[in-house]
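Here is the structure we will look at, set down as structure tokens.
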There are 2 protein chains.
Amino acid sequence: MLDSTVTTRTQDMLDSFNAALEEGDISRASALFASDSYWRDLVAVTWNLKTVEGPGGVSDMLARQLDHTRPGNFQLQQGELPTEEDGVTTAWITFETAAGRGWGLMRLKEDRIWTLLTALTELKGFEENRGKRRPMGAEHGAQKNRKSWNEKREAEEVSLGYTEQPYTVIIGGGQGGIALGARLRQLGVPTIVLDKHDRPGDQWRSRYKSLCLHDPIWYDHLPYIKFPDNWPVFTPKDKVGDWLEMYTKVMEINYWTRSEVKKASYDEDRGTWTVRVNRDGEEVILRPTQLVLATGMSGKPNMPDFPGMEDFKGTIQHSSQHDGPDEWTGKKVVVVGSNNSAHDICAALWEADADVTMVQRSSTHIVRSETLMEIGLGGLYSEEAVANGVTTEKADMIFASLPYKIMHEFQIPLYEQMRERDAEFYAGLEKAGFELDWGDDGSGLFLKYLRRGSGYYIDVGASQLIIDGEVKLVKGQVDHFEADSVVLSDGTRLEADLVVMATGFGSMNGWAADLISQEVADKVGKVWGLGSDTTKDPGPWEGEQRNMWKPTQQENLWFHGGNLHQSRHYSLYLALQLKARMEGLDTPVYGLQPVHHLS
Amino acid sequence: MLDSTVTTRTQDMLDSFNAALEEGDISRASALFASDSYWRDLVAVTWNLKTVEGPGGVSDMLARQLDHTRPGNFQLQQGELPTEEDGVTTAWITFETAAGRGWGLMRLKEDRIWTLLTALTELKGFEENRGKRRPMGAEHGAQKNRKSWNEKREAEEVSLGYTEQPYTVIIGGGQGGIALGARLRQLGVPTIVLDKHDRPGDQWRSRYKSLCLHDPIWYDHLPYIKFPDNWPVFTPKDKVGDWLEMYTKVMEINYWTRSEVKKASYDEDRGTWTVRVNRDGEEVILRPTQLVLATGMSGKPNMPDFPGMEDFKGTIQHSSQHDGPDEWTGKKVVVVGSNNSAHDICAALWEADADVTMVQRSSTHIVRSETLMEIGLGGLYSEEAVANGVTTEKADMIFASLPYKIMHEFQIPLYEQMRERDAEFYAGLEKAGFELDWGDDGSGLFLKYLRRGSGYYIDVGASQLIIDGEVKLVKGQVDHFEADSVVLSDGTRLEADLVVMATGFGSMNGWAADLISQEVADKVGKVWGLGSDTTKDPGPWEGEQRNMWKPTQQENLWFHGGNLHQSRHYSLYLALQLKARMEGLDTPVYGLQPVHHLS
């Protein structure tokens, strides 16, 4: 349904909201929200990523923020009409604050605001030079001794980090560091991205050779330059690498390759970091104001320590070190673990004629890729979505507008559909002895990703090998190693030339412990997860992903990363926070998250 | 005006056209065309780039082509309604032929077809894998010993040109060779692009340092990947170079750097070329079926031979060899010529504090860049055009739909506007002694470009230096050189440390003479120009650009190039012609152009 009554009703709601905000009438403003409502704000009002709940939450937040951030002028977005379906009215909106402009998505239920997403898009006076504001390139007219674009770029490369200090240093140059680097470049925030590899994209190139993105292309775009429409649905890893490399170049990111951070420390008095870098053998000291860890949301590899490992005659690798099956044809390989990497690695080893056994230690959630694409992502990220006018940017906002608190309610029915559609497939896996789960509450893959970042496999073929017994499956826990084998708790002996420990990763603050100090790592606490009180995501409820893309308990330290979708979308909000601080804007943070868990 | 009557009337015309074509009634079909009409066909019906005029021209063409190419099913393009303005109805259309599908633009005047553009977009059964047809990337399921994307690419690089022959070789890897290489890759035509430089993009990087594109960004996109919206309006040359380099990589073009063609010859019996290549010191013989010269529409540098040049103590460079002003600070430089390169080079030398004199040998057409952007290109290629829904692809088609024969009629009023708007500027130039022209018929820059590819400067600042006397201007012809100077016919002596000969370029078939033979160069004849019977574009009227992107008198030899706009748009039609031949489709060419001029 799409009629003028809906538009009028929505406009009336926005008018009431604007009037209440304008008059500083917080109780009237919060009374517009339903009792089970959620206002999710991305930097615009809270200078934080924050979801407040119900009129009480709105009231508390506005009491702290309204006076200085001054949100207002909420309007229906030009060219977009509100729609109504099943009693819920959905409207694209725009608004302003004292410092910036934003857009968002509002849902009304029974004439109250049910969900409200407000996202900052730009800071007033610091708008990006895009479209009509793009630079001229050639400066017309003649000036004595002017520098060409190339000379200016070269001069910048020579001076930045040496005679001039960057405002921001990003440690880690994967998709996260690159997307953020591009946004900061656009915003005029002097930034250096540090990465230990030889070339941008080597983060992907260096991994096991069968690796492809498990997320489809429509979900994977970087900011500013979209993948062309000839790009494969699931990009092979080396092709991802090439894209990141070219992107880094053409977006003019100051990207230092072969640059490893030895140590970083924060001077509370001066408010700057000291970052000691080994740049291809040369020690360089950087003194940025802001430090961003974009070292991978997976955190540091978890490498378990089993008795006898030191006497094992074969090779032991963490999955992140495994670079493919080529050396292992005809050899015996045990892969410990049953998530994405374990499956990919097992399949590639089987393809290269290795004798492969997977050790499943705990239940795993499996969804077939085609099914996930169709049922899980199709409405937002697909060729059909694009044809329906759901641009990547809109899809990101729609996704961001679903409150984490109730997201499982939207997800559970989708996964029930998937389970039914692929019943035969799941029966086959169970018959093969594979232990399946659907998440603690049946909400499936995406919530597992948000809550714990692990515990699933998007099936692109390995499951059939398990079903067919081509990849052998053993359930149990590793007890110890012997010279030529892995021995499980039940006494099962698995002979092995190679053992791949697909045993996952720690929390990102493990990086902070290594690079900065255990003290800072503990001050910041666990990174990732929602506090959902489900497996590997202990409560209390946080409402947003812990420490990601937002202020932490450590001044001027930030965490950035995630999949390509998150790297694309959330890099904007982190970039705006950094820009605002560089420009000296007042950025009082509402609801800085307390620390409940150290890792 | 936009009403249903217009739609009905246009639909009726298409129905009549379809019926006549269907029934093979050529006289009825051609009677639908106005007496002063133009049907421009890009490969769809004629397997050529061809404009036929009036009912007679249409009738002649259909008599030869209708039976086998079978154009029909002309429809209004979905989602586009015809518009009427000043008595002209304009409609976006789609159609089919026996071999392919196409789209186009039709204009009706007094219920007859006035202009018709038909452009082939794809061959049936050989559609590009884009959008919904994009490849999967990851092949789901497991297969023994499968190759990764990277392994396949590496294997291709090793075999193509050695154990497997490419179907097409493109000589020249600037924007022309790259755009065509990308399209052929997409169409599955095995192709190697040969270029003598170290890296793709060096064609731009190696030129004088102040060089920027004189055409604005909206006009410059390559196929498949558009420049992002932070890209400058006028791209600096090194940034163009970086973009071309990354594009070559991510579009997976088989691009051989440091590869110079020594000789190419055609074996009429076998129907293949033998191309002898020096690939970074190694001799490689390629045996493609098709050979494309994409060596630059400018052709070979014209280096005049003046008495005394051999005794000149300073440096003499052709403008294409000049790499910037840095060595010439405080030195005397004479630049012979007054077109684009001459102006750019003079301004950059002045900026570096050289003592610069321009020698104007003949009148030059000058338009200020801002004015050209606003009045000349704004409707089709600008931020406003994009906002109005005129995509680059649509703009290309609108531009292509204006028949060359009457294009000057559309252009003259625009240039009259420009002359008026910038009257003061032109008065200043004339006062400084600069000899101006507006083209033989006052039709200005774009027609000069199409007719002769020279004779103009898009002012980005050098003209003010001429007006102010900062760059000295001398009119006349070079007579001879002395040890320290250039002497003009009137006896004027110009002392010089450096003489830059901005004396232009020859016809592209000069490259054919060098790379193949004078015989083939003469068989093919002059390249570029319309036969407009204006300066440097002798008649008779050809109706299309000579020899560009279409079959030539030499079997399996093609010319490709031009600015970024032409490289983008016409590479499609050349690629489809090559693909059709590779697949063995019947491609009877209508109206192969006769040769009237050898160079």
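Residue check: is B:Glu164 open to solvent by 60 Å² or more (accessible area, probe 1.4 Å), more than 14 Å from every other protein chain (Cβ to nearest Cβ), of a type in the set (Asp, Glu) and closer than 30 Å to A:Ala352 by Cα?
Values: open to solvent by 60 Å² or more (accessible area, probe 1.4 Å): yes; more than 14 Å from every other protein chain (Cβ to nearest Cβ): yes; of a type in the set (Asp, Glu): yes; closer than 30 Å to A:Ala352 by Cα: yes.
Taking the combined requirement at face value, the residue satisfies it.
Could you tell me which of the residues B:Gly506, B:Gly491 is more than 14 Å from chain A (Cβ to nearest Cβ) and under 30 Å from B:Lys523 (Cβ atoms)? Show your work before the answer.
Working: B:Gly491 fails: under 30 Å from B:Lys523 (Cβ atoms).
None of the others qualify; the one that does is B:Gly506.
For every residue, the table says whether it meets (1) surrounded by 19 or more Cβ atoms within 10 Å (Cβ to Cβ); (2) within 30 Å of B:Ser571 (Cα to Cα); (3) small (Gly, Ala, Ser); (4) more than 14 Å from chain A (Cβ to nearest Cβ).
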residue: B:Gln290; (1), (2), (3), (4): yes, yes, no, yes
residue: B:His322; (1), (2), (3), (4): yes, yes, no, yes
residue: B:Asn340; (1), (2), (3), (4): yes, yes, no, no
residue: B:Ala348; (1), (2), (3), (4): yes, no, yes, no
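Can you tell me which residues in segment B:512-557 are in a loop (DSSP other than H, G, I, E, B) and hydroxyl-bearing (Ser, Thr, Tyr)? Talk me through it step by step, then tell me what you get.
Here is the first cut: in segment B:512-557, the ones in a loop (DSSP other than H, G, I, E, B) are B:516-517, B:525-533, B:535-536, B:538-547, B:549-556.
Selection gives B:Ser517, B:Ser532, B:Thr535, B:Thr552.
Could you grab me the full set of residues in segment A:357-372 that are of a type in the set (D, E, K, R) and more than 14 Å from chain B (Cβ to nearest Cβ)?
Here is the first cut: in segment A:357-372, the ones of a type in the set (D, E, K, R) are A:361, A:368, A:370.
If the condition is that a residue be of a type in the set (D, E, K, R) and more than 14 Å from chain B (Cβ to nearest Cβ), then A:Arg361 is the only one that fits.
Among the residues in segment A:107-116, are any in a strand (DSSP E or B) and within 14 Å of another protein chain (Cβ to nearest Cβ)?
Step one: of segment A:107-116, the residues in a strand (DSSP E or B) are A:107-109, A:112-116.
Pick out the ones that are also within 14 Å of another protein chain (Cβ to nearest Cβ) and you get none.
No, the conditions are met nowhere in segment A:107-116.
Whether any residue in segment B:435-446 is in contact with a Pro (Cβ under 9 Å, 6 or more places away or on another chain) and either of a type outside the set (D, E, K, R) or over 24 Å from B:Ser341 (Cα atoms) (or both) is what I want to check.
Start the filter on segment B:435-446 by keeping residues that are in contact with a Pro (Cβ under 9 Å, 6 or more places away or on another chain), which leaves none.
No.
Can you name the residue in segment A:357-393 that is assigned to a loop (DSSP other than H, G, I, E, B) and modelled with pLDDT under 90 and, of all such residues, is least open to solvent (accessible area, probe 1.4 Å)?
Here is the first cut: in segment A:357-393, the residues assigned to a loop (DSSP other than H, G, I, E, B) are A:361-363, A:378-382, A:388-391.
Right, trim to modelled with pLDDT under 90 and you get A:378-379.
Numbers: A:Gly378: 17, A:Gly379: 61 Å².
Selected residue: A:Gly378.
Looking only at residues in segment A:566-597 that are hydroxyl-bearing (Ser, Thr, Tyr) and assigned to a helix (DSSP H, G or I), which one is surrounded by the fewest Cβ atoms within 10 Å (Cβ to Cβ)? Before you say what the answer is, go through the steps one by one.
The initial filter retains those residues of segment A:566-597 that are hydroxyl-bearing (Ser, Thr, Tyr), namely A:567, A:570-571, A:573, A:587, A:590.
Narrowing the set further to residues that are assigned to a helix (DSSP H, G or I) leaves A:567, A:570-571, A:573.
Details: A:Ser567: 24, A:Tyr570: 25, A:Ser571: 28, A:Tyr573: 22.
Filtering first and then ranking leaves A:Tyr573.
With (1) among the charged types (D, E, K, R); (2) crowded, with 21+ Cβ neighbours inside 10 Å; (3) on the phi > 0 side of the Ramachandran plot as the list, and B:Asp280 as the residue in question, which single condition is left unmet?
So B:Asp280 meets the others, but not (2).
Conditions: (1) surrounded by fewer than 22 Cβ atoms within 10 Å (Cβ to Cβ); (2) among the small types (Gly, Ala, Ser); (3) touching a strand residue (DSSP E or B) at 6+ places or on another chain (Cβ under 9 Å). A:Gly176 meets all but one. Number of the miss?
(1)
Do any strands (runs of 3 or more DSSP E) entirely within segment A:401-495 hold 3 or more residues that are open to solvent by less than 30 Å² (accessible area, probe 1.4 Å) and in contact with a strand residue (DSSP E or B) (Cβ under 9 Å, 6 or more places away or on another chain), and if so, which?
Details: elements: A:456-459, A:472-475, A:478-482, A:485-488, A:493-495.
Ranges flagged: A:456-459, A:485-488.
Find all pairs meeting these conditions: Cβ atoms under 8 angstrom apart; at least six residues apart or on different chains; first residue within segment B:54-73 and closer than 16 Å to B:Ala44 by Cα; second residue modelled with pLDDT under 95 and open to solvent by less than 40 Å² (accessible area, probe 1.4 Å).
none
Kindly indicate the residue of segment A:209-241 that is in contact (Cβ under 8 Å) with a residue 12 or more places away in the chain and part of a helix (DSSP H, G or I) and also farthest from the other protein chains (Cβ to nearest Cβ) among those meeting that condition.
At the first step, the residues of segment A:209-241 found to be in contact (Cβ under 8 Å) with a residue 12 or more places away in the chain are A:209-227, A:231-238, A:240-241.
Filter once more, keeping what is part of a helix (DSSP H, G or I): A:217-219, A:237-238, A:240-241.
Values: A:Ile217: 7, A:Trp218: 10, A:Tyr219: 13, A:Lys237: 8, A:Asp238: 4, A:Val240: 10, A:Gly241: 9 Å.
The qualifying residue farthest from the other protein chains (Cβ to nearest Cβ) is A:Tyr219.
Name the strands (runs of 3 or more DSSP E) wholly inside segment A:273-346 in which the number of residues that are of a type outside the set (S, T, N, Q) and out of contact with any strand residue (DSSP E or B) (no Cβ under 6 Å at 6 or more places or on another chain) is 1 or more. Give the steps one after another, and end with the answer.
Working: elements: A:282-286, A:290-293, A:315-318, A:332-336.
Ranges flagged: A:282-286.
Across segment A:242-257, which residue is nearest to the other protein chains (Cβ to nearest Cβ) among those that are closer than 18 Å to A:Ile170 by Cα and not hydroxyl-bearing (Ser, Thr, Tyr)? Lay out the reasoning, then the answer.
Step one: of segment A:242-257, the residues closer than 18 Å to A:Ile170 by Cα are A:244-245, A:247-249, A:251-257.
Subsequent filtering for residues that are not hydroxyl-bearing (Ser, Thr, Tyr) retains A:244-245, A:249, A:251-254, A:256.
Numbers: A:Leu244: 10, A:Glu245: 8, A:Lys249: 6, A:Met251: 8, A:Glu252: 8, A:Ile253: 12, A:Asn254: 15, A:Trp256: 18 Å.
Among those that are closer than 18 Å to A:Ile170 by Cα and not hydroxyl-bearing (Ser, Thr, Tyr), it is A:Lys249.
State whether one or more residues within segment A:149-157 are at the interface with chain B (Cβ under 7 Å from one of its Cβ atoms) and on the phi < 0 side of the Ramachandran plot.
For segment A:149-157, residues at the interface with chain B (Cβ under 7 Å from one of its Cβ atoms) and on the phi < 0 side of the Ramachandran plot: present.
Which ones in segment B:197-211 are of a type outside the set (Gly, Ala, Ser) and open to solvent by less than 20 Å² (accessible area, probe 1.4 Å)? So that I can check it myself, show each step before the final result.
In the first step, residues of segment B:197-211 are kept if they are of a type outside the set (Gly, Ala, Ser); the result is B:197-200, B:202-205, B:207-209, B:211.
Matches in segment B:197-211: B:Pro200, B:Tyr208, B:Leu211.
For segment A:44-78, what are the residues that are under 16 Å from A:Met106 (Cβ atoms) and assigned to a loop (DSSP other than H, G, I, E, B)?
A:Ala44, A:Val45, A:Pro71, A:Gln77, A:Gln78
The values are calculated or read from the model by the stated rules, or taken from the named source; none is laboratory data. Quick caveat: nothing in here was measured; it's all calculated off a predicted structure. We place every Cβ from the backbone using ideal geometry, glycine too, and count neighbours over all the protein chains shown. With ligands, DNA and RNA removed, areas are computed over all heavy atoms of the protein, side chains included. Shrake-Rupley method; radii C 1.70, N 1.55, O 1.52, S 1.80 Å.
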